[in-house]
DNA sequence: AAATTTGCTACAAACGTTTGTAGAGCTTCA
DNA sequence: TGAAGCTCTACAAACGTTTGTAGCAAATTT
C-alpha cells in the first residue's frame, strides 16, 4: 500500500522507516549485494520495503548504471502479418532476461524512421533490432557506430554493416520455382518486391538463378516489380504482368500479400486458381492455409526469427561479437494454389 | 560526429566547448526557455551541440521532470490478428506527441501479466493501455491507484474501475443474430468466449438478448463456451455444440478465430458452409474477406480503437478526466458464410 | 593483552538533466 | 553621479539510484 500516489516511496523512505542508511537498503534489496548486510537487518528491510510498497525507479538506476534494460524494435509495417509472431519471439527471449521492448512502426517513412531511432537512442536503449532497413540506408549510418548494439532482422543492408537474421531468400524462392517446374510449368512470372529492400532483391535473384538452373529462357520468365509488399501493389503489378504475358501459367510472388493481390486480380479476370494459373507466396503468414485456395508458399519460421534476433542481440549486449549473419532455412509448403498447367 | 561511442557527449561537454555554463546550454536547447538566453549565444550553442553530435539523455531528464515520455501497452496475445492495427493506431497518436510505447504480451498468463506491469511501472511509464484485463482482475487492483493513468481497451473489468474503449459487443452480436434471423434461421447456436473476459460475457449477453427479442425459444439457442478465443478451442467447442444439437442451422461465434475453428470442423465433418451451416465471426480481422468462404462478421474499427484509447490516455495524462467509457459502433459485414437455411 | 582481521554500516560522490536564485554588467532615469 | 531596473549568465540543489571508501565494533590471531 503505497502511501501517496503522488509521492512514491523511495529508498530513503524505506531507510528511515527501518532505521538504516539508504545505501544499506539498496544493498539489501539487490540480491547480488545482499550478502553484504546482516541477515536479520536485511530481512527487516525487505519486510518494510514490502509493507511500504516500495518500487524501484528504473530511471534513476539506469542513469547510474548506464543500462536501461530496454531494447528498441523497429518494424516497417505493423499491420503486416509477418511481424506479430516475430515480436512475440523477441519479447519472449527479452522478458526472460528482464528486458522490456519498445516497439515502433516506421511505416516505411524515412522521416519517421529517423525520429523513432532518435527517440530510442535518447531513451538509452541497450540495443536495437531493426526490421526496417533498406539496402542503402543513410539513416543506418548514423547509428551503427553509436553506443547501442544493432541487429538487423528480415532485411539487411547492402554492405552487411550489422549482423542480420534473415530468411535464406535465394534458396526459398528456388524451392518455389522448382516446385512449379516440377509440376510442369515452363512460363513463370515473378512479381518482385521493391528493389530497394534486400528481400525484394534477394528473391528476384533467387528467381533468376532458379530459372537459369532449369534453363528456362529469358522470354519465359518475365518479371514485374511491385512498389510495395502490399496487396494493393500486388494487384497493380499482377495486372501488368498478365497483360504483357498472356501465356503465363504460373506466378511466383515475392510475398504472401502480393499473392493475395493476385488472387483479387484472378477473381476479377475470371481466372480460376490453380486451374488457369498457379501461384506461390512467401512467408507463410498466419491464415494462408485458410484463404481460398489455400496458398502454396515458402514458410519462414517467424517466431524463430524473433528468437534468433533477440538471442543475437543479447549476446552482443553482453559483449560477445557475432562475426556473420544467421540464415534461417526456409521450407516450401505446397497447398492448393499450385497445380499442373 | 559524436567523439567517442563509449562516452556520449553531455550538456557539460557542449558547455565547455562553447564557453558557457551547462545550465545555459540546457536553456538554449529547450525551445521553451530559449528566450532566456541571448540570441547569438543561443545560436552558437545550437551550432556546437550539432557539430558535437549532442543527444539528450532522456533518463536524466525524466528523472528530474518526472515525465518519462513512455507509455506501456499490454496485449493478451500478440499473435492475434486483432492487435496489430490497434497498436498501429496507438503508436500513431502517441508518436505525434513525442511519446514512445513499450508493448508487452501477457500471453494470458497472470504471472507474466504482473511482471510486465511491474516492469512498466518501474520504468516510470506516464500511462498504461491495458487490453488484457479480466473481469475480476486482482492484478489490476494494485495499479489503479498508482501514479500512472490507466485506460482499458477492448476488454473492461467488472466494475468499470478505469475508463475503457470498447466495441459495443451487445449491439454487435445483435447485428449478427438479426442478420441470421432475417435469413430465416431459427435454431442458432452460440460459441461463447471465456466467461472471465468482458468480451466473452458481453457477447453472450448480446446473443441471449437478441434471441429473446426474436422470441427464439431457449431450446433453440444453445450455448457452448470456448476456453479461449482461439482456433483450437473453437474447434473443440464446435464439436460439442454440433454433437449436442444436430438440428442447428447457424452458429454465432464469439470471434473470428473461433469461427475459423468451426471452419475446420465443418471441413472435417463434411458440412458445406453456408449450404449446410451458416456462421458469423466477430472483429473482422484482417483477411477474413479472403478465407473460404469469406466470413460474415461484425467489424470493429480496430485502428479507431487504438486511436481512441491513446487519445483518452493522453487526455488523462494531461489531467482531463474522462467520466465514462467509449463504445465504438460495430458494423455487420455480410459475406459468404451466411445464407438461408 | 595487544594487534590484526572480519563483518557490517554510514558517508559521499556520481550519473545527466531541469530549474530556482543570486549576481554581474548594462541601460535608464532622477 | 548614483540608484534602480533589466538582461543575461553562473551557481547550486535536486531527482533516486549505485558503489567506492572510511570507520567502527566484534571476532580472531599472536
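What follows draws every value from the coordinates through simple rules; no lab data is involved. None of the values given here were measured: they were computed from a predicted structure. Cβ atoms come from the backbone with ideal geometry, glycine included; neighbour counts cover every protein chain shown.
Kirkwood Rh over Cα pairs of segment B:59-106 into Stokes-Einstein at 10 °C, 1.306 mPa s: D in µm²/s?
Numbers: Rh = 11.8 Å.
Rounded, D is 134 µm²/s.
Based on the Kirkwood radius over alpha-carbon pairs, what value in µm²/s does the Stokes-Einstein equation return for the translational diffusion coefficient of segment A:73-148 at 20 °C and 1.002 mPa s?
Values: Rh = 13.0 Å.
Rounded, D is 165 µm²/s.
Given the rotation that superposes chain A on chain B, what residue of A brings its beta carbon nearest the axis, and what is the distance in Å?
Spelled out, residue of A and its Cβ distance from the axis onto B: A:292, 1.
Rounded to two decimals, what ratio of Rg to Rh does segment A:1-88 give with C-alpha atoms and a Kirkwood Rh? Could you put the intermediate results ahead of the total?
Values: Rg = 18.4 Å, Rh = 15.5 Å.
Expressed as Rg/Rh, it is 1.19.
Kindly put A:204, A:307 in sequence by how many other C-beta atoms sit within 10 Å of each C-beta, fewest to most. Walk me through the intermediate numbers first.
Working: A:204 22, A:307 18.
Ranking A:204, A:307 by Cβ neighbours within 10 Å, fewest first, gives A:307, A:204.
Averaged over B:98-106, how many beta carbons belonging to a partner chain fall within 10 Å of each residue's beta carbon? List each step's numbers first, then the result.
Numbers: counts 2, 1, 12, 4, 9, 8, 8, 8, 0.
The mean count of partner-chain Cβ atoms within 10 Å per residue comes to 6.
Round to the nearest 0.05 the FRET efficiency obtained for residue A:34 and residue B:38 when R0 = 51 Å and r is the Cβ-Cβ distance.
0.45
Given the C-alpha centroids of segment B:86-120 and segment B:1-51, what is the distance between them in whole angstrom?
One Cα centre to the other: 34 Å.
Please tell me the relative contact order of segment B:167-278 in percent, rounded to the nearest whole number, where contacts are Cα pairs under 8 Å and at least six residues apart. Don't skip to the answer; put the middle values down first.
On the way: 180 pairs, mean separation 33.5, N = 112.
Reported as a whole number, the value is 30 percent.
For chain A, what is the mean residue ellipticity at 222 nm derived from helices alone (per DSSP H run of n ≥ 4: -39500 (n - 2.57); sum divided by total residues; nearest 500 deg cm²/dmol)? It would help to have the intermediate numbers written out before the result.
Numbers: 12 runs with 147 residues, N = 341.
Rounded to the nearest 500, it is -13500 deg cm²/dmol.
How much length is gained on full extension from residue A:10 to residue A:60, taking 0.36 nm per residue of separation minus their Cα-Cα distance?
On the way: separation 50, 0.36 × 50 = 18.00 nm, distance 1.08 nm.
Gain on stretching residue A:10 to residue A:60: 16.9 nm.
Counting partner chain Cβ atoms within 10 Å of every residue's Cβ in A:51-62, what's the average?
Working: counts 0, 0, 2, 0, 5, 4, 7, 10, 13, 5, 4, 7.
Mean shielding count: 5.
Can you tell me the FRET efficiency between residue B:96 and residue A:67 if r is taken as the Cβ-Cβ distance and R0 is 30 Å, rounded to the nearest 0.05? It would help to have the intermediate numbers written out before the result.
On the way: r = 29 Å, r/R0 = 0.98.
It comes to 0.55.
Give the relative contact order (percent, whole number) for segment A:214-302; include only Cα pairs under 8 Å separated by 6+ residues. Each step should come with its number before you reach the end.
Numbers: 117 pairs, mean separation 21.4, N = 89.
That works out to 24 percent.
Looking at the protein assembly as shown, what % of its DSSP beta bridges pair antiparallel, to the nearest 5? Walk me through the numbers before you get to the answer.
Values: 10 of 74 bridges.
Looking only at bridges with both residues in the protein assembly as shown, the antiparallel portion is about 15 percent.
When DSSP assigns beta bridges and you keep just the ones with both residues in chain A, what percent turn out antiparallel, to the nearest 5?
Values: 4 of 36 bridges.
Bridges in chain A are about 10 percent antiparallel.
Could you calculate, for the protein assembly as shown, the ratio of the Cα radius of gyration to the Kirkwood radius, expressed as Rg to Rh?
Numbers: Rg = 27.9 Å, Rh = 27.5 Å.
Rg/Rh: 1.01.
Using only the alpha-carbon atoms of chain A as identical scatterers, what base-10 log of I(q)/I(0) does the Debye formula give at q = 0.06, 0.11, 0.12, 0.13 Å⁻¹?
Here the Debye-derived log intensity ratios amount to -0.31, -0.76, -0.85, -0.94.
Using a 7 Å offset from Cα along the direction of the beta-carbon, what are the separations from residue A:243 to the same position in each other copy, nm, ascending?
Inter-copy label distances (nm, one decimal, shortest first): 5.6.
I need to check one value: relative contact order of segment B:1-61, counting alpha carbon pairs closer than 8 Å and at least 6 residues apart, in percent.
Relative contact order comes out at 41 percent.
Over the alpha-carbon set of segment B:120-248, divide Rg by the Kirkwood Rh and report the Rg/Rh ratio to two decimals. Don't jump to the answer; show the numbers that get you there.
Numbers: Rg = 17.7 Å, Rh = 16.3 Å.
Over the Cα atoms of segment B:120-248, Rg/Rh equals 1.09.
Take every residue in peptide A:117-126, count the Cβ atoms of other chains within 10 Å of its Cβ, and give the average of those counts.
Values: counts 0, 2, 7, 2, 5, 8, 12, 6, 1, 0.
Mean shielding count: 4.
Among A:190, A:301, which comes first, second and so on when ranked by fewest other beta-carbon atoms within 10 Å? Please report the intermediate quantities before stating the final value.
Values: A:190 27, A:301 18.
Ascending Cβ contact count within 10 Å gives the list A:301, A:190.
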